[in-house]
Amino acid sequence: MSNAAEILTVKLDDPNILKEEWEKLIPTFDELFYQDESYRLSYPIAKLTPYFQNILEAIKLELGVVTEKCAIFYHDIIKFDNKMRGTTRPHVDTTRAVAVTVPIHAGDLFAFYTKQPDNRPKLTEMIKYGLEHPTIVNISNIHSTFIVEHKLPRAILQLNCYESFSNICERNKDKIKLL
Ligand SMILES: [Fe+2]
């Protein structure tokens, strides 16, 4: 089965609007953020700007998921350093099962792996985040990020979900498109 799906019933604004709104969000990040090796910040949805709160609340309502947490990835390669760490290694997320992704600056691909008999991960699927609709990704399976465009800051917002990918997709099968 696929490990990713687009939510067809939620439409994202033009990427330029998302980028403008992101600029208003950056000053709210705290210093701890820049010490995380994945440049990831676990964030209460209630601390986002109203614009991003509305997007995530719409996704929650549409999918029928209950969560108060989101994750913000923000890695300004030019400003901080020229290496991307953490999420580029194949891994499984342990604190959340599914992430619904709203890409802001996303010059990257998302890769899924299966475990081989010798335990090494084997690349099986690669997707690009859609710009028109949020993308649901199954992060309970082995995955990693592939940075394609190194000149851009990487900025994505993710709704953290704790229910399985298959449950969420099954309940919403008339609203999503598997990738
Ligand atoms: Fe991950």
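Bear in mind these aren't lab numbers, they're just calculated from the coordinates by the rules spelled out. All values derive from a computational prediction rather than experimental measurement. Don't worry about glycine lacking a Cβ; one is built from the backbone with ideal geometry, like all the others, and counts go over all protein chains shown.
With both labels modelled 7 Å from their Cα along Cα-to-Cβ, the residue 2 to residue 49 distance reads 3.1 nm. Extending 7 Å from Cα along the Cβ direction at residue 89 and again at residue 68 yields two label points whose distance is 3.2 nm. With an 8 Å Cα cut-off and a minimum separation of 6 or more residues, compute the relative contact order for the chain in percent. Reported as a whole number, the value is 35 percent.
Helix-only estimate, please: 222 nm mean residue ellipticity of the chain, summing -39500 (n - 2.57) across DSSP H runs of length 4 or more and dividing by its residues, to the nearest 500. Using -39500 (n - 2.57) per qualifying helix, the result is -5500 deg cm²/dmol. Considering all C-alpha pairs of the chain, those separated by over 30 Å amount to 12%. Computing FRET efficiency as 1/(1 + (r/R0)^6) for residue 171 and residue 148, where r is the C-beta to C-beta distance and R0 is 25 Å, gives about 0.15. Separation of the alpha carbons by more than 30 angstrom is noted, of 115/177; 24/128; 19/122, for 19/122.
Here the simple spin-label model places points 7 Å from the Cα toward Cβ, and for residue 29 and residue 126 these points are separated by 2.6 nm. Among 94-104, 109-119, sorting by the average number of other beta carbon atoms lying within 10 angstrom of each residue, highest first, gives 94-104, 109-119. Taken about its Cα centre, the chain carries a charge dipole of about 460 debye when Lys and Arg each add +1 at the Cβ and Asp and Glu each add -1 at the Cβ. When the Cα positions of 15, 161, 143 are compared along the charge dipole of the chain, 143 comes out farthest toward the positive end, with charges on each C-beta of Lys, Arg, Asp and Glu.
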